[in-house]
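Right, one structure below, let's go through it.
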Amino acid sequence: MLNRGERLAGVRAGELFMSIPDFRSIMPVMLEHLADLRERSDREISRAMAEHFGLDQEERTRYLPGSDRNVFVDRVGWAKAELAMAGLIEIPKRGKAVITERGLDVLKGGNLSLKQNLFQKFLESHKKIGKVSNDPETFSVRNLEQYPQEVMEEAYEGHRRKLCAELLTRLHAGPPDFFRTLVIDLLVAMGYGGSLQDALRSIGTTGNGGLEGTVRVDRLGVENIHVQAKRVEEPLGRREIQLFLRAMQGKQVPRGIFITTSSFSQEAVWSAIGLDYSMVLLNGKDLAELMIDYDIGVTTTAVYRVKDIDTEACWDA
């Protein structure tokens, strides 16, 4: 499974999805695929849709940022749900789909007729429960390039990027003790350093608002790890890695974590690879991401719970 960074690979979330057809484009193709009256599984349908649109392996296995939800499979699912809601297909059992008589009639009218019938059926079904007006613009979902959940995911990632940038700004602007406290809080939250009191005793400040020390990996102190954090603006190079390695060797600690609020040069990254001593390099973005994940220096202001149909429920009972 790809991690968040690999999924984004430096590309904006909205741009990441552009090569994958939206659910509205999938709908008429899916309906035509079901025109032979055969009952088909979701897997069969997804494979057929991917082949029709010529998606490569990377596009077929792309995930929403920060999620394990497959983008294309989700869009096929939304297309299936829209077709079922419009009465053009039915779902006889979980993970299956078959076309209806109405669906066959719509296909005979072509794609334009398909869109009109879908929208009209959607209007009719929602008017019965008093949820819409006669204004077609009420259904803004049909004017979106992405389905609402993708919009929410992209908005979340955008907010997270903004929060990361603000955290780094505050880390640079705050006093040395402020930086030291937040980094130690993070290490303890991640399971390093023993108790907070132990970590505070083990890690001291250095020049330029940095910190360094050897902390416990386990509670009894059987294993230790050397930690250094530098609050700097410029990228760190090979020299800093060599100095950190010497500090590890001097403490006879085989593992280390080197943290910076800036970044590491490519030369620095290469020099940290293949050593007898194991070290992890965390740049400013990594640091901010971890602070968000472990609730250090941030607070939760809202929680949105997105719910889907429980497919395990006994709907036919």
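The values are calculated or read from the model by the stated rules, or taken from the named source; none is laboratory data. Fair warning: this is a prediction, and the values are worked out from it, not measured in the lab. Positions of Cβ are generated from backbone atoms using ideal geometry, with glycine treated the same way; all protein chains shown enter the neighbour counts.
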> Restricting to the stretch 257-276, what's the tally of residues that are in contact with a strand residue (DSSP E or B) (Cβ under 6 Å, 6 or more places away or on another chain) and either closer than 22 Å to residue 291 by Cα or not assigned by TED's automatic domain parsing to the domain that holds residue 289 (or both)?
Replying inline: 5
>> Just to be sure I understand the filter: pairs with C-beta atoms under 6 Å, separated by 6 or more residues or on different chains, first member in the stretch 191-206 and under 18 Å from residue 178 (Cα atoms), second member of a type in the set (Gly, Ala, Ser) and part of a loop (DSSP other than H, G, I, E, B). Which pairs pass?
In response: 199/193
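So how many residues does the stretch 61-87 have that are assigned to a loop (DSSP other than H, G, I, E, B) and more than 30 Å from residue 161 (Cα to Cα)? Spell out how you get there, then give the answer.
First, pick out the residues of the stretch 61-87 that are assigned to a loop (DSSP other than H, G, I, E, B): 61-62, 64-69, 86-87.
Checking which are more than 30 Å from residue 161 (Cα to Cα) leaves us with 86-87.
So the answer is 2.
Tally up the residues in the stretch 261-292 that are in a loop (DSSP other than H, G, I, E, B) and in contact (Cβ under 8 Å) with a residue 40 or more places away in the chain, please.
So the answer is 1.
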> Among the residues of the stretch 18-60, which ones are part of a helix (DSSP H, G or I) and at positive phi?
Replying inline: none
> With 111, 134, 117 as the choices, which residue is modelled with pLDDT under 75, part of a loop (DSSP other than H, G, I, E, B) and not assigned by TED's automatic domain parsing to the domain that holds residue 222?
Replying inline: 134
> What are the residue pairs meeting all of these: first residue in the stretch 151-174, first residue within 20 Å of residue 69 (Cα to Cα), second residue surrounded by 18 or more Cβ atoms within 10 Å (Cβ to Cβ), Cβ atoms under 6 Å, and 6 or more apart or on different chains?
Replying inline: 153/64; 153/65; 154/13; 157/13; 157/65
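State the number of residues belonging to the stretch 182-197 that are surrounded by 14 or more Cβ atoms within 10 Å (Cβ to Cβ) and more than 14 Å from residue 214 (Cα to Cα).
Within the stretch 182-197, residues that are surrounded by 14 or more Cβ atoms within 10 Å (Cβ to Cβ) and more than 14 Å from residue 214 (Cα to Cα) number 4.
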